[in-house]
Every structure is written in C-alpha cells, then in structure tokens.
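Comments concern the structure below.
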Amino acid sequence: MNRTPAKCPQCRTRFTPEERGLRIHPDCVDAWYTAHREKQARKAEAKRKKDAAADKRVTKQKLEGMKTIPMLIKEAQVAFNAFIRTRDAAKPCICCDRPLGEGDVGGAYDCGHYRSTGSASHLRFDESNAHGQRKFCNRWGAGRAVDYRLGLLRRIGVAEVDRLEASNEAHKWQREELIAIKATYVQKLKDLRKSGSCQEHPAP
C-alpha cells in the first residue's frame, strides 16, 4: 500500500512513512523526543515562574494591606527625604550656608524640616518646609531654627515662609494618601536622577 508522504517535524524533510501514522523520520525519532521533552520542561518552568510571580504579587498585596498608618508614614517619609536630599545636593546647607557634606559628623547630610514633623506633622511632606541640612546643624544644633529661617527667606521668600509659619491645621493621614505620596516621590526622585540636574551625595 502506498503511504502518503509526510514532512518530518524535526529535520523538515519529506519522507514516505513505512508505517501508518508515523510522522517522524526514523532517523529523527530520538532527537525529536529529546527536543519535545526539553520543550515540555521549558513550559513547566515558565508556568512555575508565572505561578510564583502571581503568588508573590498576592503576598505583597496582603502585606501592604497589613501595614499600619505609622508604617506607611515612615515609608512615605523615606521617599520624600531621599528626594529632598537629591534635589538640594548641589546647594549649601539651608541654615549655615556651608557645603552639605562638610563636617566631622559623617559625610552625608539630612533632609531637615523647618517646622518639625513632631510639631507640624501636616507639613512633613511640604517641599518648602524641607531642605538639605548638614547633620551637625540638624542633629547637634537643635535644628538651628533662627538660621534656618534666614536661609528660607533667601531661598523661598517671605510669603512662602509666612505660609509655613501660619499653617496650623490638623491633618489625619489616610492609607491611600500615604501610598500615593510614596509613589509620587519615588517617581520624582527617578525623574530627578534621570535629568542629571543634581549632583548626589551619599544618603544616611
């Protein structure tokens, strides 16, 4: 009985099968099965990675949902502070006008708040209220509020300083708000670094 010619899926040549239903050239059987097993293994590995990634996303979502407001405030503050330090990297200290990395107290500098996060929590993410400040001035100089104010007047002007000093409204931070603030400043930091408009120093 004449057999219908077939095209071998391994070597891609046409041949006449010796048995009905045989679609692989006899010389290619071992190679085809090896390739088939490898293909199945790759599919299984791809599925395993996909499932692992999905599990990781679910776990991350659950962990995010378990974070308290103080935890979210801290995360948002870290992102905000990193942006401020990078934004002001090439500027002098807001209160003493010396280079930010200068001094015996480490080689980095802080994101110093004019009105502290403890006394004016609602201004903790206000960019006018936060500036690059030498560690010595921020941590060992009690913030040097008077000098800080003089630096602010030079940098942001009287009207903006008056706004900060007059702002006393209470604010209760919300979960979604804090998540959005963190995302905003993570992105702003990326954009700032990408623009190359800053000369960054090590962050504490």
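Just so you know, all these numbers are worked out from the coordinates, no wet-lab data involved. If you're wondering where the values come from, they're calculated on a predicted model, not measured in any experiment.
Below are the figures for this structure:
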| quantity | calculated |
| --- | --- |
| Residue pairs, from the table Lys62/Lys190; Lys135/Lys190; Lys7/Lys50; Lys74/Lys135; Lys172/Lys194; Lys62/Lys188, whose Cα atoms sit over 30 Å apart | Lys7/Lys50; Lys172/Lys194 |
| Region 129-177: proportion of alpha-carbon pairs further apart than 14 angstrom, % | 61 percent |
| Computed P(r) (all Cα pairs; region 16-91; 5 Å bins; percent) | 3, 11, 8, 10, 8, 8, 8, 7, 7, 6, 5, 5, 5, 4, 3, 1, 0 |
| Candidate aspartates and glutamates - alpha carbon under 15 Å from Lys39, same-chain residues fewer than 8 apart omitted | Asp30 |
| Stokes-Einstein translational diffusion, region 26-65 - Kirkwood Rh over all Cα pairs, 0.890 mPa s, 25 °C, in µm²/s | 200 µm²/s |
| Dimensions (Å) - region 67-195, Cα atoms, principal axes, largest first | 38, 35, 27 |
| Whole-number percent relative contact order across the chain, with pairs defined as alpha carbons under 8 Å at least 6 apart | 22 percent |
